[in-house]
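Below is one structure, written out as C-alpha cells; the observations come after it.
The values are calculated or read from the model by the stated rules, or taken from the named source; none is laboratory data. It should be emphasised that the depicted structure is a prediction, and the values quoted were computed from it without experimental measurement. Note that we place each Cβ from the backbone using ideal geometry, even for glycine, and neighbour counts take in every protein chain shown.
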C-alpha cells in the first residue's frame, strides 16, 4: 500500500464549495504515479529509460460524502488484481477516519517504443506490487 496526501484547493471546488467530481479521477492518477514511485519505479524514470508507461484502460469512483476547500485527504492505494499485462489499483480517499470515496483504475504495462504495446509486468515489479501473493506462491 502507498499513501498520497493533499489538501483540497479552492480551484478543486464548484460554486457550492464542494469538490467537483472529475478531481477524484485526477487524484487517482496522481496516486498511481506516487504508488509506482513508492515501489521504486517512478513513471518519469520508467518512460525515460525504458519507454514504459501505464495507460489507463478503465476508471470508476464511488462518492460517499463530499469534500470541501482545505480538507486534508489521504489516498491509500493498493493493487487489487495483478494479471499478466494489466493491474487494477484500488484507491480509498480518507478524511480523518472517514472514507469519503473509493475508486479503481485498470492500467496496462505498456511499451511506447514504436507503436504502443502491452507487455507482461516484470517479475521484480510484480513482487513489489503483490508481495504476499509471491511469498505464498513460493511455499
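Which members of region 5-60 meet the condition of being outside any helix (DSSP H, G or I), farther than 28 Å from residue 119 by Cα and without any contact (Cβ under 8 Å) to a residue 12 or more places away in the chain?
Once the filter is applied, which keeps residues that are outside any helix (DSSP H, G or I), farther than 28 Å from residue 119 by Cα and without any contact (Cβ under 8 Å) to a residue 12 or more places away in the chain, region 5-60 yields 14, 15, 16, 20.
Select, from 119, 89, the only residue that is under 13 Å from residue 32 (Cα atoms) and in contact with a strand residue (DSSP E or B) (Cβ under 6 Å, 6 or more places away or on another chain). Full working, then the answer.
Working: 119 fails: under 13 Å from residue 32 (Cα atoms).
89 is the lone residue from the list that is under 13 Å from residue 32 (Cα atoms) and in contact with a strand residue (DSSP E or B) (Cβ under 6 Å, 6 or more places away or on another chain).
If you go through region 72-99 one residue at a time, how many are surrounded by 13 or more Cβ atoms within 10 Å (Cβ to Cβ) and in contact (Cβ under 8 Å) with a residue 40 or more places away in the chain?
Total satisfying the criteria: 12.
State yes or no: is residue 121 farther than 15 Å from residue 2 by Cβ and surrounded by 12 or more Cβ atoms within 10 Å (Cβ to Cβ)? Break it down stepwise before answering.
Details: farther than 15 Å from residue 2 by Cβ: yes; surrounded by 12 or more Cβ atoms within 10 Å (Cβ to Cβ): yes.
So residue 121 fits the description; yes.
Please enumerate the residues belonging to region 61-71 that are touching a helix residue (DSSP H, G or I) at 6+ places or on another chain (Cβ under 9 Å) and either assigned to a strand (DSSP E or B) or exposed (fewer than 12 other Cβ atoms within 10 Å of the Cβ) (or both).
61, 63, 70
Does region 110-121 include one or more residues that are within 15 Å of residue 27 (Cβ to Cβ) and at pLDDT 95 or above?
First pass over region 110-121, keeping only residues within 15 Å of residue 27 (Cβ to Cβ): none.
No - not one qualifying residue is present in region 110-121.
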